[in-house]
Amino acid sequence: MQNFEHYHPIYTNKFVLDWLTMSKVRDVFELRHNRRIAADSDRDIDETIVDTTGYVNNMMRLVMNNQALIWGISDKHTGEFLGMVAIWDFDHDSAIIRFEILPQHQNKGVMQEVLTRMVLFVFDELHLKKLQALTLPKNKISVHLLEKAGFSIVKKSDTQYLHFQIEDD
């Protein structure tokens, strides 16, 4: 596997995935400060833009240390920030994917296209055998997106999350 810092930008038909440092911090803050998105992702909100700056710096440090990949998602034509997607918690043949999208861009096919591309990326570029996702059962949008992208629920009784996974053929 190459150094993670080389895996950018990544393109889909309509979107560009690039490091969070290429996104405006106020756009990332808008996403990380949104209470509904934070609740759906089971994380704390960023109270201040300084919190978001710290988050971006920490995530990029993980990228440079080959521990995680995280991209801001933007519209290929307008450059507008739409959300973010991360792959982390790597082990020898699998990883976990997590994603968030601004409310005004939900239900527009953004994450469906990005998830499809990320599944191919994980199997074809990173040569992993399994990609997993965790989501709260109440996060119906994520549940639907994961199922539509080919992920299947893996039942786990020791946690509040639904565990999804997709495996390379």
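The values are calculated or read from the model by the stated rules, or taken from the named source; none is laboratory data. Computed from a predicted model, the values in this text were never measured in an experiment. In this analysis, Cβ positions are derived from the backbone assuming ideal geometry, glycine residues included, and neighbour counts consider all displayed protein chains. Surface areas here come from the heavy atoms of the whole protein model, side chains and all, with no ligands, DNA or RNA. Shrake-Rupley method; radii C 1.70, N 1.55, O 1.52, S 1.80 Å.
Site pair Asn13 and Glu167 shows an inter-label distance of 3.0 nm when each label is modelled 7 Å from Cα along Cα→Cβ. Its Cα centre serving as origin, the chain has a Cβ charge dipole (Lys and Arg +1, Asp and Glu -1) of approximately 440 debye.
Taking a ≥ b ≥ c as the square roots of the eigenvalues of the Cα gyration tensor, the stretch 4-167 is rounded, since a/c falls below 1.5. Stretching Thr78 away from Ala38 to a fully extended chain increases their span by 11.8 nm, per 0.36 nm per residue minus the current alpha-carbon distance.
Karplus-based coupling profile of the stretch 142-152, in residue order and whole Hz: 5, 4, 4, 4, 5, 5, 5, 7, x, 6, 10, with θ = phi - 60° in 6.51 cos²θ - 1.76 cosθ + 1.60 and x standing for Gly or Pro.
Taking amide H atoms as placed 1.01 Å from N in the peptide plane, the amide H of Leu82 lies under 5 Å from those of Ile73, Ser74, Asp75, each 5 or more residues away in sequence or on another chain. What whole-number distance in Å separates the alpha-carbon centres of the stretch 105-128 and the stretch 1-41? Computed from Cα coordinates, the inter-centre distance equals 13 Å.
Of the chymotrypsin sites (Phe, Trp or Tyr not before Pro) found in the stretch 96-169, those that fall in a DSSP loop while having at most 16 other beta-carbon atoms within 10 Å are Tyr161.
Only Lys, Arg, Asp and Glu carry charge here, each on its Cβ (+1 for the first two, -1 for the last two); on that basis the stretch 37-114 has a dipole of about 260 debye about its Cα centre. Counting charges near Thr52 (Lys, Arg +1; Asp, Glu -1) among other residues having Cβ under 11 Å from its Cβ returns a value of -2.
Extension gain, Asp93-Glu47: 0.36 nm per intervening residue step, less the Cα-Cα distance, totals 13.0 nm. Using the Karplus relation 6.51 cos²θ - 1.76 cosθ + 1.60 with θ = phi - 60°, the per-residue 3J(HN,Hα) values for the stretch 55-70 come to 4, 4, 4, 5, 5, 5, 5, 4, 4, 5, 9, 6, 10, 7, 10, 8 Hz, with x marking Gly and Pro. Carbon-plus-sulfur accessible fraction, the stretch 4-167 (probe radius 1.4 Å, protein heavy atoms only): 49%. May I ask you to list the lysines whose Cα is less than 22 Å away from that of Lys148, ignoring any residue fewer than eight positions away on the same chain? Candidates past the 8-residue exclusion: Lys14, Lys108, Lys129, Lys130, Lys138, Lys140, Lys156. Accessible area per residue for the chain is 53 Å², calculated with a 1.4 Å probe on protein heavy atoms, without ligands, DNA or RNA.
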